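K.L.:
This is the structure I want to talk about, given as structure tokens.
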Amino acid sequence: ISQDKLPLVTFQFEEYLVMKGKQVNNSLDEVVPLRHPIKIHEAMRSSLLASGKRVRPILCIASCELVGGDESLAMPIACALEMIHTASLIHDDLPCMDNDDLRRGKPTNHKVFGEATAVLVGDALLSLAFEHIASNTRNISPDRVVRAIAELSTAIGSQGLVAGQMMDLESEGKEVSLTELEYIHVHKTAKLLEACLVCGAKMGGGNTTDIEKVRKYARCMGLLFQVVDDILDVTKSSEELGKTAGKDLVSNKGTYPKLMGIDKAKKFASELMIQAVGELAYFDATRAAPLYHVANYIANREN
Ligand code: GRG
């Protein structure tokens, strides 16, 4: 996807990611000290402080800075987002769900601490997330905080993350249509990412127009991520044909290239990228630089 639509702002994206990631890790470390009862806190810290990419908190901070807010305004909700994301991963890995042994390069929480503790760790992180927001935002207008909490809780409940997971579990072993696949993707992944960006802008003091633009950017990004994923599936599977004897990497699932053809899918991805960048054009280019780079990264990633 052409990069000539990106504004020419010198910006070290990798350095930004490393710097913000470290700040988030330091805050998370402080928020969950090893205290009594030791086992639950040890288990919470084990998953929370494992090497996640911190995509959600970084998006939240970048969005807060986009509208002119200081990083510190977004940090409590950024940490809460990582706690909720981690809780969902721990529950997703349980034997009653995906039954995974490894996560973030380590044995999963239930493998190390047992299933009952892993369920409680998820519960505790979810609860702590909202406690942390409520206790650390007294310097921000209650109206902004309540709106951000409403956004976040909607994104993860039975109309959001939980809905996506439910649909995913129910579609196991069945052929899934593009509409169903899109529903799962939007609810399991895109809604929380949208909440990260919208909450960041709300905490940073963004006005209605700012929030609307950020939301549109977030929706384009969510869709772009999926379209690029599907295109990569096709290109990877044709590259690997012959190498992976008989393995159907495209499988039976509905995908954008299947539905509209590979060329149109690529054109669609390019249009989404242009639209997302268009939403950012409204903001100060220096403040928008991290989110320009996020769009560019998602559009041009190779795996
Ligand atoms: C506890 C709120 C709550 C919900 C429970 C289990 C469940 C409902 C939802 C699971 C949803 C799920 C597993 C979504 C997958 C999201 C996703 C894209 C994960 C990978 O995220 P990365 O790549 O991972 O950002 P890291 O490890 O880098 O953070």
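All of the numbers you see were taken from the coordinates with simple rules; none came from a lab. All values reported here derive from a predicted model rather than from experimental measurement. In this analysis, Cβ positions are derived from the backbone assuming ideal geometry, glycine residues included, and neighbour counts consider all displayed protein chains.
K.L.:
What translational D, rounded to a whole number of µm²/s, comes out for the stretch 13-218 from Stokes-Einstein when the hydrodynamic radius is the Kirkwood one over Cα pairs, at 25 °C and 0.890 mPa s? Present the calculation step by step, with values, prior to reporting the outcome.
P.N.:
Numbers: Rh = 17.5 Å.
Once the numbers are plugged in, D ends up at 140 µm²/s.
K.L.:
Here's another thing I want to ask about it. Who wins for biggest fluctuation among G261, G173, G122 in a Gaussian network model of the chain, springs between alpha carbons below 10 Å?
P.N.:
G173
K.L.:
What's the FRET efficiency of L102 with A150 using the Cβ-Cβ distance as r and R₀ = 30 Å, to the nearest 0.05? Walk me through the numbers on the way to the answer.
P.N.:
Details: r = 35 Å, r/R0 = 1.17.
Computed FRET efficiency for L102 and A150 comes out at 0.30.
K.L.:
Report relative contact order for the chain in percent, whole number only (criteria: Cα-Cα under 8 Å, sequence separation at least 6). Write out the running numbers ahead of the final one.
P.N.:
On the way: 390 pairs, mean separation 68.1, N = 303.
Value for the chain: 22 percent.
K.L.:
Given the pairs K174/K236; K106/K188; K22/K106; K202/K264; K22/K267; K188/K216, which are separated by over 26 angstrom at their Cα positions?
P.N.:
Values: K174/K236 24 Å; K106/K188 23 Å; K22/K106 20 Å; K202/K264 36 Å; K22/K267 37 Å; K188/K216 18 Å.
Correct reply: K202/K264; K22/K267.
K.L.:
Here's another thing I want to ask about it. For R103, what residues show an amide H to amide H distance below 5 Å, using hydrogens built from the backbone and excluding near sequence neighbours?
P.N.:
T108
K.L.:
Sticking with this structure for a sec: Once you keep just the Cα pairs under 8 angstrom separated by 6 or more residues, what percentage relative contact order results for the stretch 56-123?
P.N.:
Numbers: 59 pairs, mean separation 17.2, N = 68.
That works out to 25 percent.
K.L.:
With a 10 Å cut-off between alpha carbons and a GNM built on the chain, which of T108, T235, T86 moves the most?
P.N.:
Among T108, T235, T86, the largest mean-square fluctuation in the Gaussian network model of the chain belongs to T235.
K.L.:
Another one. Which is farthest toward the positive dipole end of the chain among T209, Q165, A80, measuring Cα position about the Cα centre, with Cβ charges +1 (Lys, Arg) and -1 (Asp, Glu)?
P.N.:
T209
K.L.:
May I pose another question? Return the single residue from G157, G68, G105 with maximal mean-square fluctuation; model: Gaussian network over the chain, springs between Cα atoms under 10 Å.
P.N.:
Of G157, G68, G105, the Gaussian network model singles out G105 as fluctuating most.
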